[in-house]
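Comments concern the structure below.
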Amino acid sequence: MAASEAKALASTHPAMLVATVCGVGLSPKAPGTWGSLVSLPFAWLVARAGGSVGLVIAAAVIFAIGWWAAAIVAARLGDDPQIVVVDEAAGQFLTLAAAPLDLWHFAAGFALFRLFDITKPWPVGWADRNIHGGFGCMFDDVLAAIYAALVLLLGGMILGG
């Protein structure tokens with residue numbers, strides 16, 4: 001599917017709107033990074049209202065809706081298309097559940113999540129290669145988020161913050 005077809009579909013099909021986070025995934029450069037970045041202010045609002053529990057619940061809801069949307073998009077465009085960035089939103093929310101509500105911790109959470117999502121250490125890379133469909137699109141980002149959250153928590157314990 002050409003970029004113009006994807007844009008047209010994104011503006012008319014609810015699954016494409018969700019999967020691309022309202023078109024953010026159509027960015028020609030670093031759509032995953034943009035998907036994560038766009039998630040930050042929303043994660044901040046959820047964290048202010050509901051704390052870490054709110055972020056985990058929001059991540060689960062995003063995961064469920066994203067699974068549905070990614071399955072539809074993957075069926076049309078092939079396995080784990082780059083334009084699907086709802087997985088980054090779910091992963092970013094889950095990562096930030098381990099961060100205190102401050103700018104520096106959110107920035108660290110963003111950077112750590114992107115690091116693990118891009119480098120794909122085991123089992124993130126294994127999941128990316130072997131688990132397919134909508135669930136596969138979403139699941140490797142959850143694993144990357146768990147790594148990022150663990151580093152945030154460990155850093156907080158070591159640094160006492």
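Among L77, L115, L101, L45, which is surrounded by fewer than 23 Cβ atoms within 10 Å (Cβ to Cβ) and without any contact (Cβ under 8 Å) to a residue 12 or more places away in the chain? Walk me through how you get there before you give the answer.
On the way: L77 fails: without any contact (Cβ under 8 Å) to a residue 12 or more places away in the chain; L115 fails: without any contact (Cβ under 8 Å) to a residue 12 or more places away in the chain; L101 fails: without any contact (Cβ under 8 Å) to a residue 12 or more places away in the chain.
L45 is the lone residue from the list that is surrounded by fewer than 23 Cβ atoms within 10 Å (Cβ to Cβ) and without any contact (Cβ under 8 Å) to a residue 12 or more places away in the chain.
Please go through region 140-161 and give me each residue that is in contact (Cβ under 8 Å) with a residue 40 or more places away in the chain and under 22 Å from W68 (Cα atoms), ordered by number. Walk me through how you get there before you give the answer.
Within region 140-161, the subset in contact (Cβ under 8 Å) with a residue 40 or more places away in the chain is 140-142, 144-146, 148-150, 152-153, 155-156, 161.
Hits for region 140-161 are D140, D141, V142, A144, A145, I146.
Taking into account only those residues within region 80-98 that are over 22 Å from R48 (Cβ atoms) and over 11 Å from the mean Cα position of the chain (by Cα), which is surrounded by the most Cβ atoms within 10 Å (Cβ to Cβ)?
Residue satisfying both the conditions and the ranking: I83.
Working carefully through the options S52, S11, S4, find the one that is part of a helix (DSSP H, G or I), at pLDDT 95 or above and polar (S, T, N, Q).
None of the other options fit; the residue is S52.
Yes/no per residue for (1) part of a helix (DSSP H, G or I); (2) out of contact with any helix residue (DSSP H, G or I) (no Cβ under 9 Å at 6 or more places or on another chain); (3) among the hydrophobic types (A, V, I, L, M, F, W, C):
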{"residue": "L37", "(1), (2), (3)": "yes, no, yes"}
{"residue": "V46", "(1), (2), (3)": "yes, no, yes"}
{"residue": "A58", "(1), (2), (3)": "yes, no, yes"}
{"residue": "V73", "(1), (2), (3)": "yes, no, yes"}
{"residue": "V84", "(1), (2), (3)": "no, no, yes"}
{"residue": "E88", "(1), (2), (3)": "yes, no, no"}
{"residue": "R114", "(1), (2), (3)": "yes, no, no"}
{"residue": "D128", "(1), (2), (3)": "yes, no, no"}
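The values are calculated or read from the model by the stated rules, or taken from the named source; none is laboratory data. This is a predicted model, so every value here is computed, not measured. No Cβ is skipped: glycine too gets one built from the backbone with ideal geometry, and neighbour counts run over all protein chains shown.
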